[in-house]
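A.B. asks: The structure that follows is given in the form of structure tokens.
The values are calculated or read from the model by the stated rules, or taken from the named source; none is laboratory data. Because the structure is a prediction, the values reported are computed rather than measured. Note that each Cβ is placed from the backbone with ideal geometry, even for glycine, and that neighbours are counted across all protein chains shown. These area figures cover heavy atoms from the full protein model, side chains too; ligands, DNA and RNA do not enter into them. Shrake-Rupley method; radii C 1.70, N 1.55, O 1.52, S 1.80 Å.
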Amino acid sequence: MSTFDKIQHTANSSMKRWQMTEEGDRILIGLSGGKDSLALVEILAERQKIFVPRIEAIACHVSVSNVPYQSDIEYLREFCQSRGVRFIHEATAFEDDTKQNRSKCWLCSWSRRKALFKVAEREKCNKLALGHHKDDIVETLLMNEIFTGRFESIPPVLQMEKFPLTVIRPLCEVREYLLATLASEHGYAKQIKNCPYEQEGNRPKIRALLNQMTDLNPEVYESLFSALIR
């Protein structure tokens, strides 16, 4: 079985397990340009070829004007269109948070997410697909346990309260190393990033901690994910 077939099989199983797709869904894909979102475009491009349930996938890349890097928009456009997925480029920006003093990394991420919500509403999409994988979910779980005392993480499916939109994560059971392998095999163009805020926060330290935990138990990601979804 090829790497893509393995990822597709796992993603299809997750979509069925959490009932992520239904007849008539218009799904907006949050396309950052990284390997995870490019893989998600490929998965949903294949998924929309299936007649039951019938879905339509649209990809949207959001660029933030006051972050000093930009993805290769024409590459992303061609990548999507060659797979039968319509591409949208949306621009946004954010202002410094002087009241709550939230990090620029958080502000940038939230600005992108709000832009995706607006595009979804404009395009009459009822679902938003994001490329979070199992490693992201387990890292977030550990961060919440250590820093906030909460045993929770990124859910595979989330019905938004303030928007008529359901967020789905078809790659939630896929390990990151498989996506990295797929990126190499399919020749994904690596987007050049020179973001000065990328290393803010504790996620790199959590990732290093999980690497140490893997020495104790090579299946630690699977164990923590299983504990989360029970």
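A.B. asks: Quick one: which residues, 5+ away or cross-chain, put their amide H under 5 Å from the amide H of Asn126? H built at 1.01 Å from N.
C.D. replies: Residues meeting the criterion, in which the H sits 1.01 Å from N, are Arg26.
A.B. asks: Select from Glu56, Glu152, Glu161 the residue whose mean-square fluctuation is largest in a Gaussian network model of the chain (Cα-Cα springs shorter than 10 Å).
C.D. replies: Glu161
A.B. asks: Another question, if that's okay. Comparing Lys16, Lys162, Lys114, which has the greatest mean-square fluctuation in the GNM of the chain with Cα pairs linked when under 10 Å apart?
C.D. replies: Lys162
A.B. asks: Another one. Specify whether the C-alpha gyration tensor of segment 9-78 places it in the rounded, prolate or oblate class, a ≥ b ≥ c being the square roots of the eigenvalues: rounded for a/c under 1.5, otherwise prolate if a/b is larger than b/c and oblate if not.
C.D. replies: prolate
A.B. asks: Something else now. Roughly how big is segment 1-44's charge dipole about its Cα centre, with Cβ charges of +1 (Lys, Arg) and -1 (Asp, Glu), in debye to the nearest 20?
C.D. replies: Roughly 140 debye, rounded to the nearest 20.
A.B. asks: Name the shape class, rounded, prolate or oblate, that the alpha-carbon gyration tensor gives for segment 1-132, where a ≥ b ≥ c are the square roots of its eigenvalues, rounded holds for a/c under 1.5, and otherwise prolate holds if a/b is larger than b/c and oblate otherwise.
C.D. replies: Taking the square roots of the gyration eigenvalues as a ≥ b ≥ c, segment 1-132 is prolate.
A.B. asks: Given a 1.4 Å probe, how much area per residue of the chain is accessible, in Å²?
C.D. replies: Per-residue value: 54 Å².
A.B. asks: Once a ≥ b ≥ c are taken as the square roots of the eigenvalues of the Cα gyration tensor of segment 128-230, is the result rounded (a/c under 1.5), prolate (a/b larger than b/c) or oblate (a/b not larger than b/c)?
C.D. replies: Taking the square roots of the gyration eigenvalues as a ≥ b ≥ c, segment 128-230 is rounded.
A.B. asks: Among Leu107, Leu216, Leu171, whose mean-square fluctuation peaks in a Gaussian network model of the chain (Cα, cutoff 10 Å)?
C.D. replies: Judging by the Gaussian network model, the answer is Leu216.
A.B. asks: Over what distance in Å are the Cα centres of segment 75-96 and segment 1-26 separated?
C.D. replies: 22
A.B. asks: OK, next. Provide the net charge surrounding Trp18, with neighbours chosen by a C-beta distance below 15 Å and charges set as Lys +1, Arg +1, Asp -1, Glu -1.
C.D. replies: +4
A.B. asks: Tell me, what % of the accessible area of the chain is carbon and sulfur with a 1.4 angstrom probe?
C.D. replies: Carbon and sulfur: 50 percent of the exposed surface of the chain.
A.B. asks: On to the next question. Helix check for the chain. Which DSSP H runs span at least 15 Å along their own axis by Cα, with a mean Kyte-Doolittle hydropathy no less than -0.5?
C.D. replies: Helices meeting the criterion: 35-47, 104-122, 134-148, 203-216.
A.B. asks: Count charges around Asp5 for me, please; just the other residues with Cβ under 12 Å from its Cβ, Lys/Arg as +1, Asp/Glu as -1.
C.D. replies: Summing Lys/Arg as +1 and Asp/Glu as -1 gives -2.
A.B. asks: Moving on to the next point. How high is the relative contact order of segment 51-133, in percent, counting Cα pairs under 8 Å that sit 6 or more residues apart?
C.D. replies: Answer for segment 51-133 is 30 percent.
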